[in-house]
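Below is one structure, written out as structure tokens; comments come after it.
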Amino acid sequence: MKIALIGYGKMGHAIEEAALSRGHEIVCRIDKDNQEDFDSVSFKSADVAIEFTAPSVAVGNYRRAFAAGVPVVSGTTGWLEHLPEIREACEKGQTFFYASNFSLGVNIFFAVNKYLAGIMNHFPQYAVEIEEIHHIHKLDHPSGTAITLAEDIIGQLDAKHSWSENMPVADDSIHITARREGEIPGTHTIVYDSAVDTIRITHEAKNRKGFALGAVVAAEFTVGKKGFLTMQDLFSFLK
């Protein structure tokens, strides 16, 4: 594939390494200092763009890529209030793949979380909460991954209808604690606590390589397709 990178920080460099190792070509690298390259021939020649930037600029990046006719794979979180606009663009012929976390391990963790929540629906004596830790450069909180975990639990637990970062938390809400420390790539923990014991499941990312590989695999899947795509579509294809 010919890949354009939107965002050339630490994740952009990790994605570049993963893409090159799989035989792909990086035809364009766009960061905050060369926004004019969205209009370049090299960007328009890309089969797909992989976008990892910041919530404040992500949607604008999607719009400019769509205007150039380039499909987008994005792992930026914190912009979902604009999701209806992006879905509408996909209904009109654009291609967009979104995941709150591209790590294949995290997506296995999502499946385990759903399964466990289904069991815990029968044991209301357990209170549930979510803890997440990321590096100090991550601007949004809670993480998109933590929100996905919370929403998946809400879908299984009859007693829970929302999530919140605020304390005290309502009885029908899941509390999410978000911490920003050092250069931690990402740690997520689900805690079920009762008067007699505590159950914890944790996913701890060791580096950015897992996220980068997942993004490149998603890009390979996206080329030639239309519409709004997710990791669920990718995993269904891999089966």
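The values are calculated or read from the model by the stated rules, or taken from the named source; none is laboratory data. Note that the coordinates shown come from a computational prediction; the quantities given were computed from them, not determined experimentally. All Cβ positions, even for glycine, are placed from backbone atoms using ideal geometry, and neighbour counts span all protein chains on display. Note: areas computed on protein heavy atoms with side chains; ligands, DNA, RNA excluded. Shrake-Rupley method; radii C 1.70, N 1.55, O 1.52, S 1.80 Å.
Taking the criterion of being out of contact with any Pro (no Cβ under 8 Å at 6 or more places or on another chain) and open to solvent by less than 30 Å² (accessible area, probe 1.4 Å), the residues of the range 202-239 that qualify are ALA212, GLY214, ALA215, VAL216, VAL217, ALA218, ALA219, PHE221, GLY227, LEU229, MET231, LEU234. Restricting attention to the range 89-107, the residues that are in a helix (DSSP H, G or I) and either farther than 16 Å from GLY144 by Cα or not hydrophobic (A, V, I, L, M, F, W, C) (or both) add up to 5. The single condition among (1) open to solvent by 30 Å² or more (accessible area, probe 1.4 Å); (2) more than 21 Å from ARG208 (Cα to Cα); (3) at pLDDT 95 or above; (4) not charged (D, E, K, R) that LEU80 does not meet is (3).
Exactly one residue out of HIS122, HIS141, HIS175 is of a type outside the set (A, V, I, L, M, F, W, C) and either under 16 Å from the mean Cα position of the chain (by Cα) or modelled with pLDDT under 95 (or both): that is HIS141.
Any residue in the range 35-53 that is more than 17 Å from LYS226 (Cα to Cα) sitting within a Cβ distance under 6 Å of a residue that is outside any strand (DSSP E or B) and open to solvent by 40 Å² or more (accessible area, probe 1.4 Å)? List the pairs, counting only those 6 or more apart or interchain. Close Cβ pairs satisfying both conditions: PHE38/ARG64; PHE43/ASP37. Listed by position, the strands (runs of 3 or more DSSP E) inside the range 137-239 whose residues that are in contact with a helix residue (DSSP H, G or I) (Cβ under 9 Å, 6 or more places away or on another chain) and under 17 Å from PHE109 (Cβ atoms) number at least 2 are 173-180, 187-193, 198-204. Identification of strands (runs of 3 or more DSSP E) wholly contained in the range 12-75 with 1 or more residues that are open to solvent by 10 Å² or more (accessible area, probe 1.4 Å), in contact with a Ser or Thr (Cβ under 7 Å, 6 or more places away or on another chain) and farther than 22 Å from SER100 by Cβ yields 25-30.
Only one entry of SER143, SER162, SER194 meets the criterion of being among the polar types (S, T, N, Q), in contact (Cβ under 8 Å) with a residue 24 or more places away in the chain and loosely packed, with under 13 Cβ neighbours inside 10 Å, and that entry is SER194.
Conditions (1) on the phi < 0 side of the Ramachandran plot; (2) of a type in the set (Val, Ile, Thr); (3) in contact with a Lys or Arg (Cβ under 8 Å, 6 or more places away or on another chain), marked per residue:
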site	(1), (2), (3)
ASP47	yes, no, yes
GLY60	yes, no, no
ALA68	yes, no, yes
VAL73	yes, yes, no
THR77	yes, yes, no
PRO84	yes, no, no
